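A short write-up of the structure that comes next.
The values are calculated or read from the model by the stated rules, or taken from the named source; none is laboratory data. Treat the numbers as computed from the prediction; the structure is a model and nothing was measured. Please note: Cβ atoms are built from the backbone with ideal geometry, for glycine as well, and neighbour counts cover all protein chains shown.
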Amino acid sequence: MKQLLYGGFLAALVCAGATEAQEPLRIVATTADLKSLAEAVGGRRVAVASIVPPNVDAHEYQPKPQDLNRIRDATLLLRVGVDYDLWLDKLAARAKRPELRRGGAGYVDCSFAIALLDVRGSRVGPAGGHVHGSGNPHYWLDPSNAEIITGVILEALARNDPANAKYYEGERLRFLERLSAKMRGWEQKLVPAQGKPMIAYHNNWAYYARRFRLNFAGYIEPRPGIPPSPSHLAGLLKLMESQQVKVIVRQPHEPAKIAEFLAGKTGAKAALLAASVGAVPQAKDYLSLFDYNAEALANAMK
Amino acid sequence: MTEALNLLWLPFLAALVLTGIHAYLGLQVLARNIIFVDLALAQIAALGATVAFMLGHPVSSAGSYAYSLIFTLAAAMLLAATRTWSGRIPQEALIGVLYVVAAAGAFLLVEKAPQGSEHIKQVLTGNILTTGAEDLAAVIPLYIVIGLALWAARARLADPGGGWRGWAWDFFFYACFGVVVTSSVALAGVLLVFSFLIIPAAVGVLYAKGVGRQLAIGWAVGAAASLAGLVLSYAWDFPSGSTMVCVFGATLALAGLAWPIVRGGRRKFDRAARAVRAGAAALLVLSGTWLMIAPRADQPLLDSVEYAVPGLGVSYMNESEIEVYRDADHYAKRYQREAERLNEKEVRSRWQGEALDDQQVRRISSFLQSYNEMRKGEEFVKREVRARARARIRWLAGPVLILVGLLLLPWRRR
């Protein structure tokens, strides 16, 4: 009896300790999309920061001295992987926190368990972990993948903060419920766009296309950073004419000039879509990102 | 053909317009020895546009243009004032400093407004391919007015004198220059505008003395190089701006090589011919030696000759080597085709027919990867066979190359 009482007292103490210690768990994510998903799972028990500012291509991002400080006191480090944020390896190595490096307890590669698209070559990143050959890194643009990503985040949170595992699990389920309710709306909204040929500035939309049955028939800039050749543009113009392409998809930070040029020649409309949270002011978090895109694309199709 | 014409005639017209004004400005720039001034002024204009953007003026609005202009004029004042400031530092050094500080300053500003980076790019990386008729309609009158003004003031500009008057003439030149460069860089990008500025003028100066003749030569060279660059970029599927810059560079090299033939007279021509022969001889001797030392390493001369003459690569292999090589080549191409077919299937399934589930997508990915690895394996076999064949023939081919090189050497007859 005495032992039981003592045990109960201890348990109460631990619980109190867990709830009392309101110091939130610090998470650093490379992109705003992962930040939003981490907040969805972590709720009020986590404080999440992201490294790459909105409308900056994570491929081209150059870490700043402040980023080192951000990482230094983080418990979890979330990355997109698939060679999208390669600079993170060097940054994590300089932070002198072995648990945040590849294979460490606080290191989370969110591309883990994603069915990657556009897999061609082998990855350029350091070997180790799962070698899956680099694919298209924009996998968060398939809302169904959010289930996998949040699963990976939940697992990492539960591992590093077991006392709150139940809470995180509940938060994630609540988020997934909201997501699936929203999903039906997005799908309905995009029915008119299904299969209609579109041109995009760059191949960011593979996962989005797969989920919502969209047809990206060509890209203005097939190799990132290299302006299109005149023969490529001539081919695009031909394709736009023969397939009756009505919409050119572009992100806010991608150059407008060539899209406008093609639109002027063919009468197609330009649709400004956000591939990342924060790319447009309306895309405040993961769910509103898809709200905005569905709305913008549906409007362009009208 | 009509597609190419349809797409390229406006860019070509733009190139003619740009050559027209820049060849003339280029002559002035060469005379004043301020080669990189256009880069500095373009970067300053971009900085001005960035500041305008930070203050809330939308991209390519009147406000944005006004800020660019004010920044450019301020830089023009500075450049005019520093020409004879101390007499100890060449002005090119100050121009360089202006360029890096403007570039770095713009980056610092953009740190605080990420959308601005697109803005800077827009100011600095025009794409001549997308030039519209309305763009040309805007710049042609401007260039004509500035060109005429500079022509009218040419005597003054050549010898501005000292004091306030000298400063004012210098300022006039830099201001005109800045306004032109800011508009042309937005049309064609920094690299191409630099080529328009320096290369036709340089060829003109190389071959003629009077300004009129220099200009005529510069214009002809600029027009020909622009046309060649645009056509090549279409035929070879390359970005137009970079192709044109390279063609301009090649034009200057050709003009330089042709100079001793056209202008130099017998003795200079002989000297140039000897230099070319000595260069070729050195290349052959070095290649022959390198082949004997390291037959399995990259052999730049052999590699490029074999690339240019397709049959040559297999000519020194024995029968079994040829068989292995052809086999590997066949399979490498086949794996490539298979991978493309599979990829095509997956892309199509995103919107057409039955959607693939994650499991199927993963299977396709792993197939793609295997094909890729297998293709790499075959490529490795091809390289290995070639390396072995080269190692086998090196004691014959190496000395032959060296011998040919030595024969080519321009020995002096005593």
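Here are the numbers for the structure shown:
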quantity: Region B:221-241 - residue that is free of Cβ contacts under 8 Å to residues at least 40 places away in the same chain and of a type in the set (F, W, Y) and, of those, nearest to the other protein chains (Cβ to nearest Cβ); calculated: B:F238
quantity: A:K182 vs. criteria more than 14 Å from chain B (Cβ to nearest Cβ), in contact with a helix residue (DSSP H, G or I) (Cβ under 8 Å, 6 or more places away or on another chain), basic (K, R) and farther than 30 Å from A:G42 by Cβ; calculated: no
quantity: B:E118 farther than 18 Å from B:G20 by Cα, within 12 Å of another protein chain (Cβ to nearest Cβ) and modelled with pLDDT of 85 or more; calculated: no
quantity: Residue satisfying all of: in region A:185-203; within 14 Å of another protein chain (Cβ to nearest Cβ) and without any contact (Cβ under 8 Å) to a residue 24 or more places away in the chain; nearest to A:E241 (Cα to Cα) among these; calculated: A:G195
quantity: Test for A:H232: is it at the interface with chain B (Cβ under 7 Å from one of its Cβ atoms) and not in a helix (DSSP H, G or I); calculated: no
quantity: Some residue of region B:341-357 being at negative phi, crowded, with 16+ Cβ neighbours inside 10 Å and of a type in the set (K, R); calculated: yes
quantity: Any hit, region B:49-64, residues being in a helix (DSSP H, G or I), within 14 Å of chain A (Cβ to nearest Cβ) and surrounded by 18 or more Cβ atoms within 10 Å (Cβ to Cβ); calculated: yes
quantity: A:A206 vs. criteria closer than 22 Å to A:Q188 by Cα and within 9 Å of another protein chain (Cβ to nearest Cβ); calculated: yes
quantity: So A:F216, is it over 27 Å from B:L124 (Cα atoms) and either in contact (Cβ under 8 Å) with a residue 60 or more places away in the chain or among the hydroxyl-bearing types (S, T, Y) (or both); calculated: no
quantity: Test for A:A58: is it assigned by TED's automatic domain parsing to the domain that holds A:R174 and touching a strand residue (DSSP E or B) at 6+ places or on another chain (Cβ under 9 Å); calculated: no
quantity: Filter result for the condition that a residue is free of Cβ contacts under 8 Å to residues at least 60 places away in the same chain and surrounded by fewer than 22 Cβ atoms within 10 Å (Cβ to Cβ), over B:D135, B:D159; calculated: B:D159
quantity: Candidates B:A14, B:A23 - the one that is at pLDDT 90 or above, closer than 21 Å to B:V180 by Cα and within 14 Å of chain A (Cβ to nearest Cβ); calculated: B:A14
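This table checks each residue for (1) at pLDDT below 95; (2) buried (at least 16 other Cβ atoms within 10 Å of the Cβ).
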residue: A:K35; (1), (2): no, yes
residue: A:R44; (1), (2): yes, no
residue: A:V52; (1), (2): yes, yes
residue: A:Y61; (1), (2): yes, yes
residue: A:G81; (1), (2): yes, yes
residue: A:A93; (1), (2): yes, no
residue: A:K96; (1), (2): yes, no
